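Below: one structure, written as structure tokens.
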Amino acid sequence: MKISAIIFDLDGTVVDSEEAWAKAFVIVLKSLGADVKEKHPHTSGVEIKKNWERLITKFNIKTNKKSDELAAITSNEYSKLTSEVVLMDGAIEFIENTRNDGILTALATSSSWEVTDKIIQKFKLNNLFDYVTTGDEVLNNKPDPEIYILTADKMSLDPNDCLVIEDSPSGINAGKDAGMKVIAIDPTGEREDLEAADLTVEGFPEITEKIIDQL
């Protein structure tokens, strides 16, 4: 596969933010009186608002707050925890090498621009991506392909010329339905819910030009 651009998911792909997001959801759930036993009550890779639509039912939460209000509160709690977010091993080097090879780079995340920008500033990612698309820009977030189609449009590229790197089933489905090849990141090497990806690796060092050519 000859590609013109690589589109990266943010959470769980470029940065390891799973624990911070989980803590944010737990904080808000407990503030609503939910009896939370699990450390990770949310579904990674799914828009915060969509998560809340499920969590309200799951925990039988009685509240006047709508899912979008709860999403905003959760994002605010996450923003307080960004000190706990770390870069995924090899992510920066891989992105820099991609750019040096003349391939466009883009970020496509379900998170809001406000949250995304905090991560971009924290890790000084400003000059690593030619384009950034956030959940604020689409009507339907992942697993809908809209965010990836929009990102390809921004780059004036056919989706077939783009490669997606993701870490969640919803993100993989979004990329595939957009007509793109998808590589999944699975640091544990044990997940069974990423089978829809064209290739699954444990980390960026495994993604070589030869591997991409063979997709």
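Taken together, the values in this text are just the output of simple stated rules run on the coordinates, not laboratory data. Please read these numbers as outputs of a predicted model, since none were measured by experiment. When we count neighbours, we look across all protein chains shown, and the Cβ atoms used for this are built from the backbone with ideal geometry, even at glycine.
Report the label-to-label distance for THR43 and GLU19 in nanometres (one decimal), using points 7 Å from each Cα along the Cα→Cβ vector.
2.6
Let me know the shape class of segment 99-215, please: from the alpha-carbon gyration tensor, a ≥ b ≥ c as square roots of the eigenvalues, rounded when a/c is under 1.5, otherwise prolate if a/b is greater than b/c, or oblate.
Rounded, because the longest to shortest axis ratio a/c is under 1.5.
What ³J(HN,Hα) values, in whole Hz, does the Karplus curve 6.51 cos²θ - 1.76 cosθ + 1.60 give for segment 167-174 when θ = phi - 60°, with x put for Gly and Pro?
9, 10, x, 5, x, 4, 4, 4
Restricting everything to alpha-carbon atoms, can you work out Rg to Rh for segment 18-83 with a Kirkwood hydrodynamic radius?
Looking at segment 18-83, the ratio lands at 0.91.
Along the charge dipole of the chain, which of VAL15, LEU163, SER111 sits closest to the positive end, that is, farthest toward it, with unit charges on the beta carbon of Lys, Arg, Asp and Glu (+1, +1, -1, -1)?
SER111
Could you give me the radius of gyration and the Dmax of the chain, taking only the C-alpha atoms into account and expressing both in angstrom?
When restricted to Cα atoms, the chain yields Rg and Dmax of 17.0, 54 Å.
Which of the aspartates and glutamates could be linked to LYS62 by a straight reach, that is with a Cα gap under 17 Å, when you skip same-chain ones fewer than 8 residues away?
Those aspartates and glutamates meeting the cut-off are ASP35, GLU53.
Taking θ as phi - 60°, what are the ³J(HN,Hα) couplings along segment 190-195 by the Karplus curve (6.51, -1.76, 1.60), each to the nearest whole Hz, with x for Gly and Pro?
3J(HN,Hα) across segment 190-195, in whole Hz: 10, 6, 10, 9, 10, 5.
Against the longest alpha carbon principal axis of the chain, how many degrees, from 0 to 90 and to the nearest 10, is the axis of helix 18-31 turned?
Orientation of helix 18-31: about 20 degrees from the principal axis.
Taking only Cα atoms, what is the 0 to 90° angle, nearest 10, from helix 48-58's long axis to the longest principal axis of the chain?
40
Taking the Cα centre of segment 35-176 as origin, work out the dipole magnitude from +1 charges on Lys and Arg Cβ and -1 charges on Asp and Glu Cβ, in debye rounded to 20.
720
Only helical DSSP H runs with n ≥ 4 go in: add -39500 (n - 2.57) per run for the chain, normalise by residue count and round the 222 nm mean residue ellipticity to 500 deg cm²/dmol.
Computed ellipticity for the chain at 222 nm equals -11500 deg cm²/dmol.
Need the list of lysines near LYS181 for cross-linking: C-alpha distance under 21 angstrom, and skip anything on the same chain fewer than eight residues off.
Straight-line reach from LYS181, under 21 Å: LYS2, LYS142, LYS154, LYS210.
Just to check I understand the Karplus step: with θ = phi - 60° and J = 6.51 cos²θ - 1.76 cosθ + 1.60, what whole-Hz values come out for segment 121-138, glycine and proline as x?
Listing the rounded values in order: 5, 4, 9, 6, 8, 3, 9, 9, 10, 6, 9, 10, 10, 10, x, 5, 9, 10 Hz.
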